[in-house]
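Written below as structure tokens is the structure these notes are about.
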Amino acid sequence: MGSSDLDERETRRHLGAVTLLVIYEQKNAGQPREQIPQLLGAFDLWGGQLWRVPLSGFHHVNMGHPANPLHLIMNCLAIAFMGGILEPRMGRWRYALFFLTATTISMVPELLMSNYVMGLSGGAYALFGCLLVLMQREDAVADCLPPSFVPTGFIWLFLCMAAT
């Protein structure tokens, strides 16, 4: 792991994200350092600082290379499009609460398995799911969505799962 990876991880941790804590141990002076298995997961690592979980959603990782902003751009476009339909219907505060709650809940299972997630993809897919339900119940919502909305959303979901 390069020093830039460590600097980036430390910066994210300083800004509130849940990050992987790596501890190294050197048993003898002439031998290389060995990585000690991490503690019991994100909640133990940060001493109960649960506010780091929702805040991690607002840090972003790019697939493949740090200079590749495609993941961030696609999340922003999806959230802007779907949020533009849902926010007027739900109201500003209910929409914000829904989005923040969905983003947080989508991270918890991976954090409990000691994976360290970042980004708003879980929140974006909660918006997608909400629109799937609403378009079945309300014609006004269905009229706002292009015919390719459902197949494109599912294709993108499976592509993102395969890529990560």
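The values are calculated or read from the model by the stated rules, or taken from the named source; none is laboratory data. The structure displayed is predicted, hence computed values, not measured ones. Glycine also receives a Cβ, built like all others from the backbone with ideal geometry; neighbour counts cover every protein chain displayed. Protein only, heavy atoms only, side chains kept; ligands, DNA and RNA dropped before computing areas. Shrake-Rupley method; radii C 1.70, N 1.55, O 1.52, S 1.80 Å.
Show the residues, 5+ positions off or on another chain, whose built amide H is closer than 5 Å to the amide H of residue 59.
119
Just the accessible area per residue of the stretch 121-164, please: how many Å² with a 1.4 Å probe?
61 Å²
Residue 52: net charge of surrounding residues, Cβ under 12 Å, Lys/Arg +1, Asp/Glu -1, itself excluded?
Around residue 52, the surrounding residues sum to +2.
Tell me whether the stretch 77-164 comes out rounded, prolate or oblate; compute the Cα gyration tensor, take square roots of the eigenvalues as a ≥ b ≥ c, and use a/c under 1.5 as the rounded threshold.
oblate
Rank by packing, highest mean first: peptides 137-150, 75-88, with packing defined as the count of other Cβ atoms within 10 Å averaged across residues.
The most tightly packed comes first, giving 75-88, 137-150.
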